[in-house]
Amino acid sequence: MTLSKNQYTAFEDIVGPEYISNNPAILYSYSWRSGLYAPPQDFSPLFEAIILPNTNEEIQAIVKLCNKFKIQFKASSTGWGPYNDATAPGCIKLDLRRMNRIIEINVKNMYAVVEPGVIGTQLQAECMKLGLNCNQNGAGTNCSASPIIGHCGFGHLSQSGSYGERNQLALEWITPEGDMVRLGSLGSIGAWFCGDGPGPSLRGAIRGNVVPMGGLGVFTKAATKLYHWPGPMSVELKGVSPKYVPTSIAKDFLIRIYSFPSMDMMDLAQQKIGEAEIAYELMGFNKGMAASNIATNNEEMLELHAEFSKLLTDYCLMVIIGGYSPRDFEYKTKVLNQIATDTQGKSLTKISDDTEVAAGCLWRWLRATGSIREVFRATGCFAGEVGGTDVFRLMADYIVETAKVKQKMIDDKLIFNDGAPPFTQAIEHGHYGHGELLIRYIPNPANWAGMMDFMAKANEIAIKQHFGVPGHVFSDAQHDIYGPHVMNYHKWLRKLKKSFDPNGASEGSHHITVKE
Amino acid sequence: MGLEEFKDDMSACCRCSACKYVPLETLKGYDHVDICPSISRFGYRAYSGGGRLGIGMALLNKEMDYSSPGLLEIIYNCQMCGGCDISCKYAMDMEVLDPMNEIRAECIKRNNSHPVLDKIITSLKNGGPMVLEANAKQGEWASELGTKDYTKQSVQVIYHAGCRTRHDKARWPIAQQTIKLMQKANIDVGIAMDEPCCGGRAYQMGYQTEAIEKAKRNMEIFNKSSAKTLVTGCAECYFAFKVLYDKFGIKGDFEILHTSEFFARLIQQGKLKPGKKVNMTVTYHDPCHLGRQGEPYIHWKGHRVPGQLIVFDPPKEFRRGMNGVYEPPRNLLQSIPGLKMVEMDRHKEFAWCCGAGGGVSETNPEYALWTATKRIEEAASTKTEAIVTGCPGCENLFEAAIRKNESRLKVYDIVEILARAIL
């Protein structure tokens, strides 16, 4: 399907000729496949046109036209993952990069309102000037700062800065039919402070398992919770990319990577650290991730990986402590040292003894800029098991189980051999957590077939061993696998989709479609 | 070289958008997050480094061809400033700018070129300059300086003014002051009254054959001289002589220095002493071809090791912008009494481009000016009085942007500032 001249002109009339294109070169640049879950095929189906809207009114008009013309649309912010892509002809792309305004940073009530095109770094940098911080998507600070865009938003900061589902406050939503809906307190009193009321709350209905991945209209503004920031207003750096060393932050913080003799001890340590509420960041961090993050190239990464393999077990935590005062810092440090002693945690000397490496890691992990090094530099592609969110230990155990399947892929030389240990995130100083398994591979048919086989086995483990619904569960196929085991939620999700999107205009292949 | 050689690099693009932004560790606020003028101006992903690699893959896979409508519009609306390359390599082991250069070269091979650039290349082939609006003749700028001609006389140092200086009377004072400063330091300097073009801009525009031919001819001329040092005040010439010629395997037995490096060294050696106060607050703009792209070329011949990891045999050292010329101009400015230097948000390896590179000044002057205006605004935000740089291309465009925007900012070449402190 190609847009008719009349259809193209109708869209062009909304945004102007500069902000719509069906130039083949532009279309191909949008269909180059993402490195996330990269299939062997280089290109996804072409969009019919790319539109760069700038206002709600433009988006509403575009969406209404899509319904009228029976054309699908898919909106995206930075457009990283495969869920930003078309899955078949007949779809137009709304690239929201022009909608990049920070609407408000409310210091007193500790929230910020952003449009989709604002990236995490921008919001964080502005918040830090005000003594505040925002959560960063673990995938990186290059992702949208909006809490309802970019998957679940688990990340390095989740211990103190939570994640998308919990951070999302009021929301402005253009529905799949083109209506503008303001949710939460915005819907009743025009304020952004609450996602659930006074006013209509559709948090669960809209977010589903892992946010709708572009399949349920367009989220044009969202408020996100902010948190206290114990560091400086800005961080001075020395050096040149890729080797920056912060010079003005280390004194306020302490960073450690601890290795534990067993999963039980690591679990105990994360529980105790959480209960003591001392950590600014707390994250299961394996040797492969540490090596990738510290190294500035793959050769160096291999050397570090070999070095760390001699020093670290498969059960490691990365901890960052920040002090709001010297006494606070001293107290937290003492508590951390005591917990490490009690749980037989052994500190990685590369971090504890090398101040430049420590300072570099500290800032990279506070800003979350090292994720691309961690997951993409090795092969250009990343997939793997994105676990669910539940009791920390349950999630960790799920990833440990799936790691056994990953080991089989390593043995078959289908993926990069970084060992198979899990990585986990503890959330909000509690017992809540999230786990993932990093898998890096070169996309070709054999590796992809191996990946699909792995995912099938990971699903089987999750279902048969009652680990809940993982974070990789989106799309009809995945929901149809899990739904029958979880109160037939997929049927309700599909009904919601049908209610909000009767014409199926909002391309839902990565969310859920209205198929029967 | 050819686009096919960079297939693995292009395949490694994960679409993360890092190429659009400055290295994100460095960001201190909402503003100045962008590093790529092209996507900042035109918006669509195709205009980013990653988008261009996607286009490269589509061309290699023959999903589209080089005559595809609208392709040149994207290919040539890029200054080839290399910002995307540096930001990508903060994390990744892959080339970005190299395949972009190869896409241009492939276009030229298929006679799918830009008519304005063809005109410039015709001038180059005929021994002329690579500037469209020359208002002065060869060597005229030096007619009253009594300088030696290195093609005829023995000298220790060659000074190469560059097309954008020697053919533009507005830039003559910079070249003239360079010679006077050298004379003050008793440097045995010579110029060529019939100075050849470096050819570097031809490479950026995709005319690789012409650039290599020019490099060969120039190196013959340089090698015939007795000079041990070649100094230029043009960042693009510097890049050509130091990086490109080396890349082409065309290397002479002499050192190549930018004027900022040369004079910073003389100051450090005590051969020049900036004694007069220059009471001014300035900011320094790193020209792309002196800064991030000015780092030495790293020769590597090998192959990617088969398997599930991007590593090379022998190991490949990527040019990540770490060794560009960043400190000499800053050291020089800081040696001047009375002068205060402030940094713009985007500096050194993640400096925003002036807008002039890649032939954009000629193919899309409006976009070039837009890019320069953004830089002028960034400079003005530092409360500086002047923007100092080391490239006539940057200076021309900054001056045009200042005129258009009625800014009170001044533009100086770094030599002009030094001359104030010494001459």
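One table, with the values for the structure above:
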{"item": "Hits in the stretch A:343-362 - residues which are outside any helix (DSSP H, G or I) and touching a Phe, Trp or Tyr at 6+ places or on another chain (Cβ under 8 Å)", "result": "A:Thr343, A:Gln344, A:Gly345, A:Lys346, A:Ser347, A:Leu348"}
{"item": "Selected residue [more than 14 Å from chain A (Cβ to nearest Cβ), surrounded by fewer than 18 Cβ atoms within 10 Å (Cβ to Cβ) and under 25 Å from the mean Cα position of the chain (by Cα)] from B:Leu132, B:Leu145", "result": "B:Leu132"}
{"item": "Flag if A:Ser309 is more than 28 Å from A:His429 (Cβ to Cβ), among the hydroxyl-bearing types (Ser, Thr, Tyr) and part of a helix (DSSP H, G or I)", "result": "yes"}
{"item": "The stretch B:23-48, residues that are facing another protein chain (nearest Cβ under 9 Å) and either in contact with a Cys (Cβ under 9 Å, 6 or more places away or on another chain) or not in a helix (DSSP H, G or I) (or both)", "result": "B:Pro23, B:Leu27, B:Lys28, B:Gly29, B:Tyr30, B:Asp31, B:Val33, B:Ile39, B:Gly43, B:Tyr44, B:Tyr47, B:Ser48"}
{"item": "Condition met for B:Ala170 (among the hydrophobic types (A, V, I, L, M, F, W, C) and either touching a Phe, Trp or Tyr at 6+ places or on another chain (Cβ under 7 Å) or modelled with pLDDT of 95 or more (or both))", "result": "no"}
{"item": "Residue identified as more than 23 Å from B:Cys288 (Cα to Cα) and either among the aliphatic types (A, V, I, L, M) or out of contact with any Gly (no Cβ under 8 Å at 6 or more places or on another chain) (or both) among B:Tyr47, B:Tyr90, B:Tyr66", "result": "B:Tyr66"}
{"item": "Residue in the stretch A:408-417 that is touching a residue at least 60 places away in the same chain (Cβ under 8 Å) and either more than 13 Å from chain B (Cβ to nearest Cβ) or at negative phi (or both) present", "result": "no"}
{"item": "Near pairs, Cβ below 8 angstrom, 6+ apart or cross-chain, from the stretch A:478-489 (under 13 Å from A:Glu460 (Cα atoms)) to any residue that is β-branched (Val, Ile, Thr) and not in a helix (DSSP H, G or I)", "result": "A:Ile481/A:Val473; A:Tyr482/A:Val469; A:Tyr482/A:Val473"}
{"item": "Any chance A:Ala112 is within 13 Å of chain B (Cβ to nearest Cβ), part of a helix (DSSP H, G or I) and in contact with a Leu (Cβ under 7 Å, 6 or more places away or on another chain)", "result": "no"}
{"item": "Considering residues of the stretch A:47-60 that are more than 9 Å from chain B (Cβ to nearest Cβ) and outside any helix (DSSP H, G or I) only, the residue nearest to A:Ile442 (Cα to Cα)", "result": "A:Phe47"}
{"item": "Matching residues in the stretch A:116-141 - criterion: being part of a loop (DSSP other than H, G, I, E, B) and either touching a strand residue (DSSP E or B) at 6+ places or on another chain (Cβ under 6 Å) or hydrophobic (A, V, I, L, M, F, W, C) (or both)", "result": "A:Pro116, A:Val118, A:Leu130, A:Cys134, A:Ala139"}
{"item": "Qualifying residues in the stretch A:67-92 (those that are assigned to a loop (DSSP other than H, G, I, E, B) and hydroxyl-bearing (Ser, Thr, Tyr)) - the one nearest to the other protein chains (Cβ to nearest Cβ)", "result": "A:Thr78"}
{"item": "Some residue of the stretch A:303-315 being buried (at least 18 other Cβ atoms within 10 Å of the Cβ) and within 14 Å of another protein chain (Cβ to nearest Cβ)", "result": "yes"}
{"item": "Breaking point among (1) among the hydrophobic types (A, V, I, L, M, F, W, C); (2) buried (at least 24 other Cβ atoms within 10 Å of the Cβ); (3) within 9 Å of chain A (Cβ to nearest Cβ); (4) more than 17 Å from B:Gln204 (Cα to Cα), for B:Leu53", "result": "(4)"}
{"item": "Residue identified as of a type outside the set (Val, Ile, Thr), surrounded by 15 or more Cβ atoms within 10 Å (Cβ to Cβ) and at pLDDT below 95 among B:Gly252, B:Gly294", "result": "B:Gly252"}
{"item": "Unique residue being out of contact with any helix residue (DSSP H, G or I) (no Cβ under 7 Å at 6 or more places or on another chain) and either touching a residue at least 40 places away in the same chain (Cβ under 8 Å) or among the hydroxyl-bearing types (Ser, Thr, Tyr) (or both) when the list is B:Arg104, B:Arg110", "result": "B:Arg110"}
{"item": "Residue in the stretch A:432-442 that is in a strand (DSSP E or B), touching a His at 6+ places or on another chain (Cβ under 8 Å) and away from chain B (no Cβ under 14 Å) present", "result": "no"}
{"item": "Matching entry among A:Ala279, A:Ala340, A:Ala291 (being assigned to a helix (DSSP H, G or I), in contact with a strand residue (DSSP E or B) (Cβ under 8 Å, 6 or more places away or on another chain) and either within 14 Å of chain B (Cβ to nearest Cβ) or at pLDDT 95 or above (or both))", "result": "A:Ala340"}
{"item": "Search result, residues across the stretch A:321-337 that are outside any loop (DSSP other than H, G, I, E, B) and either hydroxyl-bearing (Ser, Thr, Tyr) or within 28 Å of B:Ala12 (Cβ to Cβ) (or both)", "result": "A:Tyr331, A:Thr333"}
{"item": "Selection from the stretch A:316-327 of residues that are in contact (Cβ under 8 Å) with a residue 60 or more places away in the chain and surrounded by fewer than 20 Cβ atoms within 10 Å (Cβ to Cβ)", "result": "A:Tyr324"}
{"item": "All positions within the stretch A:177-194 that are in contact with a helix residue (DSSP H, G or I) (Cβ under 7 Å, 6 or more places away or on another chain) and closer than 22 Å to A:Lys495 by Cβ", "result": "A:Glu177, A:Gly178"}
{"item": "Options B:Tyr150, B:Tyr203: the member that is touching a residue at least 24 places away in the same chain (Cβ under 8 Å) and under 28 Å from B:Glu73 (Cβ atoms)", "result": "B:Tyr203"}
{"item": "Selection count where residues are touching a helix residue (DSSP H, G or I) at 6+ places or on another chain (Cβ under 8 Å) and either charged (D, E, K, R) or more than 14 Å from chain B (Cβ to nearest Cβ) (or both), scope the stretch A:237-265", "result": "12"}
{"item": "Hits in the stretch A:34-45 - residues which are assigned to a loop (DSSP other than H, G, I, E, B) and in contact with a Lys or Arg (Cβ under 8 Å, 6 or more places away or on another chain)", "result": "A:Ser34, A:Gly35, A:Pro39, A:Gln41, A:Asp42, A:Ser44"}
{"item": "The stretch A:378-396, residues that are crowded, with 19+ Cβ neighbours inside 10 Å and either at pLDDT 95 or above or not aliphatic (A, V, I, L, M) (or both)", "result": "A:Ala378, A:Thr379, A:Gly380, A:Cys381, A:Phe382, A:Gly384, A:Glu385, A:Gly387, A:Gly388, A:Thr389, A:Phe392, A:Arg393"}
{"item": "Qualifying positions in the stretch A:125-151 - over 27 Å from A:His510 (Cα atoms) and polar (S, T, N, Q)", "result": "A:Asn133"}
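The values are calculated or read from the model by the stated rules, or taken from the named source; none is laboratory data. For clarity, every value in this text was computed on a predicted model and none was experimentally measured. We place every Cβ from the backbone using ideal geometry, glycine too, and count neighbours over all the protein chains shown.
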